[in-house]
Amino acid sequence: MKSRLWLLFILITVVTWGVWGAFSGYQIQNGIPDTIVYIAWALSMIPCALVALLIRSRAKADASAPSCKLFAKRSILLGAAVGLLGAGGQLVLFKALTMGPSYIIYPFISMSPVIVISLAAIFLKERASKWQIAGIVVALAAILLLSLESNAENSPVSGWLWIVLAILVLLAWGIQGFFMKFANNEMDAEAIFFWMAMFGLVLVPVAYFMDGSAAAFFARESGIVCREFWTSFGIQILNSIGALTLVYAYRYGKAVVVSPMEGLSPMVTVLLSLIILSVIPNPLQIAGLICAAFAMYALSK
């Protein structure tokens, strides 16, 4: 990796997603449906997309940047692949969480960097140094440890469909990471994010009509101007900022290194919960924090 900008951008992603994770429980505790959270997330992508286009319009020509135009057919197709895989994974995840326990599903889907690393090694011929290989292995262990919850929830496991849905999310987000890196070889990062945002919005009607909860929420709260929706929007925009900087991280860094570091955002969540919410991490999460600290050092070398 010739530029160290990837490290700055992925650290911003880790922090913003970590803070988002620490406060995302606020939405559920206040009875906001998952479909509403998706709609808020999709809308929060718009201001970030506008920022990306502003950066794109003012940036000087980068000799190393691909020159594929924003509205070229190839740009739209690659943007659709990245956007629909990410947004589709969100919707499927919401459905899976109604059938299976989050303390099993989240650690499972957190292993998506394995798919990114495998695809990048096979198709993009990416290789890592010995330090980075050690960091990748330890980062995957840290992701799993940090994602485990100490308290098993009382939500019942309904059938086996949730397992299939969790696998679909794992595959969608893993393949998305690969396409995000691949797209950066074809087009600029701002164009990728723009199309990510647009295709995230495409699925808003699906979320709205999926189970009727969104329509019922807006009817109960007197429309989209309600405080609860915009509180959710404020939380979700942290996720969108992290998504934008993640695209830049893939622009300047190798997928085999960026992807496992991306998955370390629960480290920030655990630390914030400890400091602000007075939540004591369990022994597995403490082990995850130690692993994450080593992994970030090794991956940055």
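The values are calculated or read from the model by the stated rules, or taken from the named source; none is laboratory data. Note that the coordinates shown come from a computational prediction; the quantities given were computed from them, not determined experimentally. Ideal geometry is used to build each Cβ from the backbone, glycine not excepted, and the neighbour counts take in all protein chains shown. These accessible areas exclude ligands, DNA and RNA; they are computed on the full protein's heavy atoms, side chains included. Shrake-Rupley method; radii C 1.70, N 1.55, O 1.52, S 1.80 Å.
List, in order, the whole-Hz ³J(HN,Hα) value for each residue of the range 250-259 obtained from phi through the Karplus relation with A = 6.51, B = -1.76, C = 1.60 and θ = phi - 60°; use x for Gly and Pro.
5, 5, 9, x, 6, 5, 5, 9, 5, 4
For the range 119-132, take each phi angle, set θ = phi - 60°, evaluate the Karplus expression 6.51 cos²θ - 1.76 cosθ + 1.60, and give the result in whole Hz per residue in order, putting x for glycine and proline.
Per residue, the Karplus-derived 3J(HN,Hα) values read 5, 5, 5, 6, 9, 9, 6, 6, 10, 10, 6, 4, 4, 5 Hz.
Averaged per residue, what accessible surface does the chain expose to a 1.4 Å probe, in Å²?
So the chain comes to 46 Å² accessible per residue, rounded to a whole number.
Restricting things to alpha carbons, tell me how big the chain is in terms of Rg and Dmax, in Å.
Values for the chain (Cα only, Rg and Dmax): 18.8, 57 Å.
Show me the three semi-axes of the equivalent ellipsoid for the range 190-253, from the C-alpha gyration tensor (sqrt of 5 times each eigenvalue), largest first, rounded to whole Å.
So the three semi-axes of the range 190-253 are 29, 14, 8 Å.
Using only helices, what value at 222 nm comes out for the chain when you add -39,500 (n - 2.57) per DSSP H run of length 4 or more and divide by the total residues, to the nearest 500 deg cm²/dmol?
That calculation yields -24500 deg cm²/dmol at 222 nm.
Starting at the first residue of the range 292-299, write each ³J(HN,Hα) from the Karplus equation 6.51 cos²θ - 1.76 cosθ + 1.60 with θ = phi - 60°, in whole Hz, x for Gly and Pro.
Per residue, the Karplus-derived 3J(HN,Hα) values read 5, 4, 5, 4, 5, 5, 5, 5 Hz.
So, in nm, how far is label I276 from label W230 when the simple model puts each one 7 Å beyond its Cα toward the Cβ?
Going from the I276 label point to the W230 one covers 2.0 nm.
Using label points projected 7 Å from each Cα along Cα→Cβ, tell me how many nm separate W131 and I163, to one decimal.
4.2
Could you work out the relative contact order of the chain, using alpha carbon pairs under 8 angstrom and six or more residues apart, expressed as a whole percent?
Reported as a whole number, the value is 43 percent.
Over 27 Å between Cα atoms, which of K181/K301; K69/K95; K125/K301; K73/K301 qualify?
K69/K95; K73/K301
Of the peptides 117-123, 193-199, how do they stack up when ordered by the mean number of other Cβ atoms within 10 Å, highest first?
Taking the mean over residues of other Cβ atoms within 10 Å, the ranking is 193-199, 117-123.
For the chain, which whole-number percentage of the solvent-accessible area (1.4 Å probe, protein heavy atoms only) is attributable to carbon and sulfur atoms?
Using a 1.4 Å probe with all protein chains present, the chain comes out at 71 percent carbon and sulfur.
Taking the radius of gyration and the Kirkwood hydrodynamic radius from Cα positions alone, what is the Rg/Rh ratio for the range 137-267, to two decimal places?
Radius of gyration relative to Kirkwood radius: 1.01.
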